[in-house]
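*Asks:* Structure provided below as structure tokens; questions to follow.
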Amino acid sequence: MPVKSLSTPRRNLVIAAAALLSLTLAGCNSDVSQVYSSSAPPSGKTGPVRIALLASSSQNGFNKAVYDGAVARAKEYGDVEVTIFDGKFDSQTQFNQVQNVASQGTYDGIVLVPNDNVGIAAAIPAAARAKIPVATTLFPVGPKLTELKPQVEGIVSTVAADTEANSKKLAEGAVKYCEGKDPCRVAILIGQLQFPFDNLRNKAYRSVLDGHPNIKVVATGQGNYDRDTSLKAMQNILQANPKLDVLLSNADQQTIGAQVALESAGVDLTKMYVTGGGGNQEAIKQVRAGKWAADQVDFPNSMGKAALEQVVNAVRGQPVTPVIDANTLGPVPVIVTKEILGEHPDFTGEWAD
């Protein structure tokens, strides 16, 4: 997920909110999928529906694809409007947006692409009190990072995948590549280790890699979901480790930046095991060309459609699906290789960076 760092005061506020949430959630009913699925809509809504889409950043390609998917589904309804809010890659900004939407009385539902899935949870009950259902995409909201079932009152549906399992699959591909190589030198490029899901991804990689004595993780860099930052991070890694066999990256933008640094240093990527995450159009091209060994694919446009539909169902008192496995929304498996893409010649990716 694309995220940016917080200033210290804002970070402390989010951490405090998350701590408060962890103390109070134990007493809440975690099965909240029925809150908005009764025969009567929460607001008696029978006419037009207004949805606020709270993007982690409205300038980000992944978020734009979620928005485009939601708008496309809204047009199919004919009486649903979607307005995007710019979270500016700032957790406190998005926290405030949830509270503002809950208090304004302008919107009937929320589709959320969370910056901080743990900290934002403390803002969601305000939406629940205002009878504004929320569907979260990409990540679950709440303290349990691998629990897709709604954990917080107000979240009616989670459209996401098991991030830990997906990360392990990428690492398992690296293990297979490293068979017979001793040492097999691995560099990890992660978004920001201070964020819960990036830390989870890194631990998932290591839980697989560390069980193989021939594999040596020689460096872990932070790419911040940014090409330029990742280019510089890889340049620094190469200065200390000119010989690499594997690059595990959790974001396509990061791998694209790292690729520039690697190729500038004369590295032939086709002889490495290089991964990305997100399934953007450039990543799919690189996997098809054989320069990247694998990519973990997301389907943000389809996620936006699915989340919008669940929120509208909740507003109108229709049945809501509390968990939608995002891995199942696209035409290809979650981990793609050149061979797999050869079986799906028309797939180009659902978003552009």
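The values are calculated or read from the model by the stated rules, or taken from the named source; none is laboratory data. Quick caveat: nothing in here was measured; it's all calculated off a predicted structure. Note: ideal-geometry Cβ built from the backbone for every residue, glycine included; neighbour counts use all protein chains shown. For the accessible areas, the whole protein counts, side chains as well, though only heavy atoms, and no ligand, DNA or RNA atoms are used. Shrake-Rupley method; radii C 1.70, N 1.55, O 1.52, S 1.80 Å.
*Asks:* Among the residues of segment 298-310, are any in contact with a helix residue (DSSP H, G or I) (Cβ under 8 Å, 6 or more places away or on another chain) and part of a strand (DSSP E or B)?
*Replies:* No, segment 298-310 contains no residue that is in contact with a helix residue (DSSP H, G or I) (Cβ under 8 Å, 6 or more places away or on another chain) and part of a strand (DSSP E or B).
*Asks:* Assuming Arg206 fulfils every condition listed in (1) under 15 Å from the mean Cα position of the chain (by Cα); (2) in a helix (DSSP H, G or I) apart from one, which condition is it?
*Replies:* All conditions pass for Arg206, except number (1).
*Asks:* Give me a count of the residues in segment 112-154 that are farther than 15 Å from Ser56 by Cα, open to solvent by 20 Å² or more (accessible area, probe 1.4 Å) and assigned to a loop (DSSP other than H, G, I, E, B).
*Replies:* Residues flagged as farther than 15 Å from Ser56 by Cα, open to solvent by 20 Å² or more (accessible area, probe 1.4 Å) and assigned to a loop (DSSP other than H, G, I, E, B) within segment 112-154 amount to 10.
*Asks:* Within segment 65-91, track down each residue that is open to solvent by 20 Å² or more (accessible area, probe 1.4 Å), assigned to a helix (DSSP H, G or I) and under 24 Å from Gly142 (Cα atoms).
*Replies:* Tyr67
*Asks:* Turning to a different aspect of this structure: Quick one: which of Gln151, Gln194 is in contact with a Gly (Cβ under 8 Å, 6 or more places away or on another chain), of a type outside the set (A, V, I, L, M) and either free of Cβ contacts under 8 Å to residues at least 40 places away in the same chain or farther than 23 Å from Asp68 by Cβ (or both)?
*Replies:* Gln151
*Asks:* Here's another thing I want to ask about it. May I ask you to verify whether Lys291 is in a loop (DSSP other than H, G, I, E, B), open to solvent by 40 Å² or more (accessible area, probe 1.4 Å) and at pLDDT 95 or above?
*Replies:* yes
*Asks:* For the list (1) closer than 26 Å to Thr83 by Cβ; (2) hydroxyl-bearing (Ser, Thr, Tyr); (3) touching a strand residue (DSSP E or B) at 6+ places or on another chain (Cβ under 7 Å), I need the number of the one condition that Ser302 fails.
*Replies:* So the condition that Ser302 fails would be (3).
*Asks:* Filtering segment 43-57 down to residues that are of a type outside the set (A, V, I, L, M) and open to solvent by less than 30 Å² (accessible area, probe 1.4 Å), which residue is nearest to Ile110 (Cα to Cα)?
*Replies:* Ser56
*Asks:* Looking at Ala187, is it open to solvent by less than 70 Å² (accessible area, probe 1.4 Å), farther than 15 Å from Gln296 by Cα and not in a helix (DSSP H, G or I)?
*Replies:* For Ala187, the condition - open to solvent by less than 70 Å² (accessible area, probe 1.4 Å), farther than 15 Å from Gln296 by Cα and not in a helix (DSSP H, G or I) - is met.
*Asks:* Can I ask one more? What residue, among those in segment 163-182 that are in a loop (DSSP other than H, G, I, E, B) and in contact (Cβ under 8 Å) with a residue 60 or more places away in the chain, is nearest to Leu248 (Cα to Cα)?
*Replies:* Cys178
*Asks:* Further question on the same structure: Taking the stated definitions as given, is Ile15 at pLDDT below 85, within 28 Å of Asp198 (Cα to Cα) and either open to solvent by 20 Å² or more (accessible area, probe 1.4 Å) or assigned to a strand (DSSP E or B) (or both)?
*Replies:* Working: at pLDDT below 85: yes; within 28 Å of Asp198 (Cα to Cα): yes; either open to solvent by 20 Å² or more (accessible area, probe 1.4 Å) or assigned to a strand (DSSP E or B) (or both): yes.
Here the answer is yes, as Ile15 does meet what is asked.
*Asks:* Just wondering, is there one or more residues in segment 274-285 that are closer than 22 Å to Lys169 by Cβ, part of a helix (DSSP H, G or I) and open to solvent by less than 10 Å² (accessible area, probe 1.4 Å)?
*Replies:* Yes; the residues of segment 274-285 include at least one that is closer than 22 Å to Lys169 by Cβ, part of a helix (DSSP H, G or I) and open to solvent by less than 10 Å² (accessible area, probe 1.4 Å).
*Asks:* What are the pairs, 6+ residues apart or on separate chains, where a residue within segment 228-243 that is under 20 Å from Lys181 (Cβ atoms) has its Cβ under 8 Å from a residue that is open to solvent by less than 30 Å² (accessible area, probe 1.4 Å) and part of a helix (DSSP H, G or I)?
*Replies:* Close Cβ pairs (under 8 Å, with a partner that is open to solvent by less than 30 Å² (accessible area, probe 1.4 Å) and part of a helix (DSSP H, G or I)) amount to Leu238/Ala261; Leu238/Leu262.
*Asks:* Another question, if that's okay. Quick one: in segment 125-145, of everything that is under 30 Å from Val208 (Cα atoms) and touching a residue at least 24 places away in the same chain (Cβ under 8 Å), which residue is nearest to the chain's Cα centre (by Cα)?
*Replies:* Leu138
*Asks:* Residues Val323, Val267, Val332, Val336: which one is in contact (Cβ under 8 Å) with a residue 12 or more places away in the chain, hydrophobic (A, V, I, L, M, F, W, C), in contact with a His (Cβ under 9 Å, 6 or more places away or on another chain) and surrounded by fewer than 23 Cβ atoms within 10 Å (Cβ to Cβ)?
*Replies:* Being in contact (Cβ under 8 Å) with a residue 12 or more places away in the chain, hydrophobic (A, V, I, L, M, F, W, C), in contact with a His (Cβ under 9 Å, 6 or more places away or on another chain) and surrounded by fewer than 23 Cβ atoms within 10 Å (Cβ to Cβ) holds for just one of Val323, Val267, Val332, Val336, which is Val332.
Table: residues versus (1) over 21 Å from Lys45 (Cβ atoms); (2) of a type in the set (Gly, Ala, Ser).
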site: Gln104; (1), (2): no, no
site: Leu112; (1), (2): no, no
site: Gly119; (1), (2): yes, yes
site: Ile124; (1), (2): no, no
site: Ala127; (1), (2): no, yes
site: Ile132; (1), (2): no, no
site: Leu138; (1), (2): yes, no
site: Glu164; (1), (2): yes, no
site: Lys169; (1), (2): yes, no
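*Asks:* Turning to a different aspect of this structure: Would you mind telling me which numbered condition in (1) within 27 Å of Gln254 (Cα to Cα); (2) open to solvent by 20 Å² or more (accessible area, probe 1.4 Å) Thr158 fails?
*Replies:* (2)
*Asks:* Further question: When Thr158 is evaluated against the numbered criteria (1) touching a helix residue (DSSP H, G or I) at 6+ places or on another chain (Cβ under 8 Å); (2) outside any helix (DSSP H, G or I); (3) farther than 30 Å from Met272 by Cβ; (4) of a type in the set (Val, Ile, Thr), which criterion, by number, is the only one it fails?
*Replies:* Result: Thr158 fails condition (1) only.
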